[in-house]
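Here is the structure we will look at, set down as structure tokens.
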Amino acid sequence: MKKRSWKSTVGPIRKILLNLGLIALGSALCAVAINGILIPQKFLSGGFTGMVLLILYMLPGLSLGGLYLVLNIPLFALGWKFVGPRFFLYSIAGMIIFSCSLELISVTLPIQDKLLSALLAGIITGAGVGTILRSWGSAGGTDILSVILLSRFSIRPGTTILAFNILVLAAAAVFLSLERALYSLIYIYVSSYMINLVVIGLSQRKAVQIISPQWEKINREITEKIGRGVTITQGWGGYTGREVQVLYTVINFRELSRLKQAVRRIDPEALVVVTDTLEVMGHRIGNQPHW
């Protein structure tokens, strides 16, 4: 029987530590926003955290982290069934880390203006939740629901969280005040935008179509210099009736400038169409999170 080398052991451990580190960093950011801005301003967060804050405002003295832990138990069965055991185990760790962060991290941010408070809290929370979702797990709550909907129906995480939060905002308007509900809406919208930016936006791919008589040179430039695959299809000019070759490739945002410079150098008259992609599946160029 072969013994496992230390390199084969260090690799998985490094991945585990990296994912737990992302969860811890994201949880710390969320705790700063919740304890430093939301609770002092009596704003609500979204999802389960918002439900916990609403209960806390109505019944002061309860443990924020403990209450969050209890409310999350039913969702973990869904995480196990629809996403997988790895996500389930990392999410258990994430829920514990997040709950501990809520209890241990207590800061006061010197911001009095309610609008600025809502904007800053949204930016911090969105960055925190997005960082957590870049890992192989979540912090529980609507994170689990958003991952299920993204993996099965391609619904963006921020969109799911924003839709779910309508119920929380309605409860805020009834039990707190309409003004606080509107400030909470600003906070939730900003955080949802930041979540989409961190989870999907920073790894968004570009689909590029190129039509040029110099298509062979451009094809070699893309495959050999940029290192991306190219699909070549035949087409015909609608006006000229001439046969043309259409190059199709998918690249990341950093490679777009190099591609345009190469095409401009080879054929300044080439037709280049660049479009955004929602998500890409596939070897090397795929940008779907690894849940």
Among (1) out of contact with any strand residue (DSSP E or B) (no Cβ under 7 Å at 6 or more places or on another chain); (2) in a strand (DSSP E or B) - the single one VAL190 does not satisfy
(2)
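For the range 48-147, please list each of the helices (runs of 4 or more DSSP H) lying entirely inside it that holds at least 1 residues being closer than 22 Å to VAL190 by Cα and either more than 20 Å from the chain's Cα centre (by Cα) or β-branched (Val, Ile, Thr) (or both).
Passing ranges, in order: 85-104, 114-133.
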Are any of the residues in the range 156-163 in the same structural domain as PHE88 (by TED's automatic domain parsing), among the basic types (Lys, Arg) and under 17 Å from the mean Cα position of the chain (by Cα)?
yes
Given the residues SER184, SER151, which is the only one that is surrounded by 24 or more Cβ atoms within 10 Å (Cβ to Cβ) and in contact with a helix residue (DSSP H, G or I) (Cβ under 8 Å, 6 or more places away or on another chain)?
SER184
Residue under question is THR249, and the condition is that it be modelled with pLDDT of 90 or more, among the polar types (S, T, N, Q), surrounded by 13 or more Cβ atoms within 10 Å (Cβ to Cβ) and more than 30 Å from LEU20 (Cα to Cα); does it hold?
yes
Looking at (1) among the β-branched types (Val, Ile, Thr); (2) touching a helix residue (DSSP H, G or I) at 6+ places or on another chain (Cβ under 9 Å); (3) at pLDDT 85 or above, which one does ILE144 not meet, given that it meets all the others?
(3)
Selection over the range 231-249 where residues are of a type outside the set (A, V, I, L, M) and within 16 Å of GLU216 (Cβ to Cβ) yields a count of 8
Could you go through the range 193-208 and let me know if any residue there is buried (at least 17 other Cβ atoms within 10 Å of the Cβ) and at pLDDT 90 or above.
yes
Hits in the range 169-181 - residues which are without any contact (Cβ under 8 Å) to a residue 24 or more places away in the chain, surrounded by fewer than 15 Cβ atoms within 10 Å (Cβ to Cβ) and either in the same structural domain as GLN261 (by TED's automatic domain parsing) or assigned to a helix (DSSP H, G or I) (or both)
ALA170, VAL174, LEU178, GLU179
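The values are calculated or read from the model by the stated rules, or taken from the named source; none is laboratory data. Because the structure is a prediction, the values reported are computed rather than measured. As a convention, Cβ positions derive from the backbone with ideal geometry for all residues, glycine included, and neighbour counts pool all protein chains shown.
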